[in-house]
Amino acid sequence: MIPSAFEYHAATSVADAVSMLGQYGEEAKILAGGHSLLPMMKLRFAEPAHLIDINGIEELRGVREEGGNICIGAMTTENQLIASQLLWDKCPLIPQAAKLVADPQVRNRGTIGGDIAHGDPGNDHPAIMLALGASFVLVGPNGERKVPAGDFFLGTYFTLLEEGEMMTEIQVPIPAAGSGCGYSKLKRKTGDYATAAAAVQLQLSGDVCSNITISLTNVAPCSFIATDASEYLTGKIIDESLISEAAEKVMAACDPAEDLRGDIEYKTSMAGEMARRAIRQALTNAKGE
Amino acid sequence: MSKTHIQFKLNGSEVETLVEPRELLIHVIREQLGQTGSHIGCETSHCGACTVDLNGESLKSCTILAVQANGAEVATVEGLAASGELHAVQEAFMQEHGLQCGFCTPGMLMRSYRFLQENPNPTEEDIRQGMSGNLCRCTGYQNIVKAIQVAAVKLQAK
């Protein structure tokens, strides 16, 4: 399988890439890790006339701490996330989820920015970003803007990214002491997308959960925060019966599509189970057990 | 479609060729450069039969454009044996019967070659995780895992 013909452009800087995006307009696509785009191009689901390769832009790679945030270059690969001690120390939800993405070879190429900007509800990082309250830096012809993850995902393959814009950085507020996280993902086999997955980031003050965000992967047209469930648990001492109640609220918010991974009822039920597991994981994590 | 000139190191030798941007690395390695050891399996980055080493990392050469390998160092299964001697992973796969039909083997060898540099002393679980991007439809993986355990010991002894 070979993609249909296109012109290849290797961008040398963000400014270079943005200028090419402007020049080629809607005929252009950004090539990040390529592990979603190239398969789609082979199948003719995507047929860009111009491919702008941003793999050579070194400034887009790396993880650093800056003013209470973790800043992650959009072209940082999954394996670079997993190898980042800074992330394991300050924001373990990201590398924990990255370990569940695809397989070792794919994780050498696949990038966090590509995973987010693609807008695929099956990708893992969107839910992680929602749970963490991250922001994305988008650069376009009119300069730079920063948008919250909560506003970014609009539908399947549909995001806030405007034509001519690219994502350059992901900024994550560093969770305070006493916080905990969990990501629980059900998949049929290595390399598969989630049948359902749930991410949880929470904060304990004493035994009381002062703040919690539960978000879901692949059980709706795009990743989303289960608002009712999250609000329900906020301010409470979470026990098993509250977890069950919250899972019911998670399931009520799901809107999955039936496919080979399962029918609507099964996926919804699995989303509830993944939420239960992720909440328990996050509680254990927060208590340092 | 106009072609682009690329050059890269393949198993230690400089190679150059003209490619269309849409050509995938696996096709160029096999069809233009005649190194047919790396196999085309699923072509969707699932099976790992096309696994090669690029700048010291394992990747699936069906999911990277050949133009993206310009200037890189690429290693395939043809480059594993040095001066007529099999590499430890090759010897171990042979000894432990880590293959049946052999289709997945070039990818298995290239991945285990790199994996054992990333983790020279792996547990069985590490091996299963580290090799999870390579599918074998014959062996049930038991002997592949054994072969990698044996190869690890051989490499440690060197």
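From the C-alpha gyration tensor of segment B:1-94, pull out the three semi-axes of the equivalent ellipsoid (sqrt of 5λ each), sorted largest to smallest, in whole Å.
Value: 23, 16, 10 Å, ordered largest first.
Any lysines with Cα under 23 Å of the A:K29 Cα? List them, leaving off those in the same chain fewer than 8 positions away.
Leaving aside lysines fewer than 8 places away in the same chain, those within reach of A:K29 are A:K42, A:K146, B:K3, B:K60.
Relative to the first principal axis of the alpha-carbon coordinates of chain A, what is the inclination of helix A:14-24, with its axis defined by its Cα atoms, in degrees from 0 to 90 and to the nearest 10?
Result, in degrees: 70.
Working out 0.36 nm times the residue gap between A:T227 and A:A83, then minus their Cα-Cα distance, what length gain in nm do you get to one decimal?
Full extension from A:T227 to A:A83 adds 48.6 nm.
Sort out for me the Cα centre separation of segment B:25-101 from segment A:140-183, rounded to whole Å.
Their Cα centres are 36 Å away from one another.
Can you give the angle from 0 to 90° between the axis of helix B:105-118 and the longest principal axis of chain B, with both taken from C-alpha atoms, to the nearest 10?
70
May I ask you to work out the translational diffusion coefficient for segment A:190-238 at 10 °C, viscosity 1.306 mPa s, via Stokes-Einstein with Rh from the Kirkwood sum over Cα pairs, reported in whole µm²/s?
134
Once chain B is represented by equal point scatterers at the alpha-carbon sites, with solvent omitted, what log10 I(q)/I(0) does the Debye formula produce at q = 0.10, 0.12, 0.18 Å⁻¹?
Each listed q corresponds, in turn, to -0.35, -0.49, -1.04.
Could you give the Stokes-Einstein D for the protein assembly as shown in µm² per second, using the C-alpha Kirkwood radius, 20 °C, 1.002 mPa s?
D, rounded to a whole number, is 93 µm²/s.
Check the straight Cα-Cα distances from A:K287 and name the aspartates and glutamates below 12 Å, setting aside those fewer than 8 residues away within the same chain.
Correct list for A:K287: A:D207.
Extending each Cα 7 Å along its Cβ direction at B:A81 and A:E59, get the distance between those two points in nm, one decimal.
The two pseudo-label positions are separated by 4.9 nm.
Name the aspartates and glutamates eligible as straight-distance cross-link partners of A:K99: C-alpha to C-alpha under 16 Å, and not fewer than 8 places from it in the same chain.
Output for A:K99: A:E78, A:D89, A:D115, A:D124, A:D192, B:E118, B:E125, B:D126.
If all Cα-Cα distances of segment A:61-173 are sorted into 5 Å bins from 0 onward, what percent lands in each bin, rounded to whole numbers?
Values per bin, smallest distances first: 2, 13, 24, 27, 19, 10, 3, 0.
Between A:V137, A:G178, A:V101, whose Cα lies farthest towards the positive end of the dipole of segment A:65-178 when Lys and Arg beta carbons carry +1 and Asp and Glu beta carbons carry -1, centred on the Cα centre?
Toward the positive end, the furthest listed residue is A:G178.
For chain A, with only Lys/Arg (+1) and Asp/Glu (-1) charged at the beta-carbon, what is the dipole magnitude about the Cα centre, in debye rounded to 20?
Working: 23 positive and 37 negative charges, 158 e Å.
Dipole about the Cα centre, nearest 20: 760 debye.
Given R₀ = 60 Å, FRET efficiency for B:Q156-B:H5 by Cβ-Cβ distance, to 0.05?
On the way: r = 43 Å, r/R0 = 0.71.
Taking R0 as 60 Å, the efficiency between B:Q156 and B:H5 is 0.90.
May I ask for the angle, rounded to the nearest 10°, between helix B:142-157 and the longest principal axis of chain B, with both axes built from Cα atoms and the value confined to 0 to 90°?
For helix B:142-157, the angle is close to 90 degrees.
Given chain A, what percent of its DSSP beta bridges are antiparallel, to the nearest 5?
Counting only bridges with both partners in chain A, antiparallel ones make up about 85 percent.
Which value, in debye to the nearest 20, describes the size of the charge dipole of segment A:1-99 about its Cα centre when Lys and Arg Cβ atoms bear +1, Asp and Glu Cβ atoms bear -1, and nothing else is charged? Could the numbers behind the result be given before it?
Details: 7 positive and 12 negative charges, 76 e Å.
The dipole magnitude comes to about 360 debye.
Can you compute the modelled spin-label distance between A:R280 and A:D263, with each label point 7 Å from Cα toward Cβ, in nm?
2.7
Bin by bin, in steps of 5 Å, what percent of the Cα pairs in segment B:88-157 do you find, going until the bin that has the longest distance?
Over segment B:88-157, the share of Cα pairs per 5 Å bin runs 3, 20, 35, 28, 11, 2, 0 percent.
Between A:V147 and A:T234, what FRET efficiency comes out of the Förster formula 1/(1 + (r/R0)^6) with R0 = 22 Å and r the beta carbon distance, rounded to 0.05?
After rounding, the FRET efficiency stands at 0.35.
Starting from the 7 Å offset along Cα-to-Cβ, what nm value, one decimal, do you get for the label separation of A:S19 and A:C71?
2.3
Among A:M75, A:M40, A:M129, which one shows the biggest mean-square fluctuation in a GNM of chain A, springs joining Cα atoms closer than 10 Å?
Fluctuation is largest for A:M40.
Less than 18 Å from a label point 7 Å out along the Cα-to-Cβ axis of B:C101: which backbone N atoms in segment B:20-55 qualify, by residue?
Once the point is set 7 Å along Cα→Cβ of B:C101, B:37-51 turn out to lie under 18 Å by backbone N, inside segment B:20-55.
Please report, in debye to the nearest 20, how large the charge dipole of segment A:179-286 is about its Cα centre when each Lys and Arg carries +1 at its beta carbon and each Asp and Glu carries -1 there.
Taking the Cα centre of segment A:179-286 as origin, the dipole is about 460 debye.
No lab work stands behind these numbers, since they all come straight from the coordinates. This structure is a prediction, so every number in the text was calculated from the model and none was measured. Quick reminder, even Gly has a Cβ in these numbers, built from the backbone with ideal geometry, and neighbours come from all protein chains shown.
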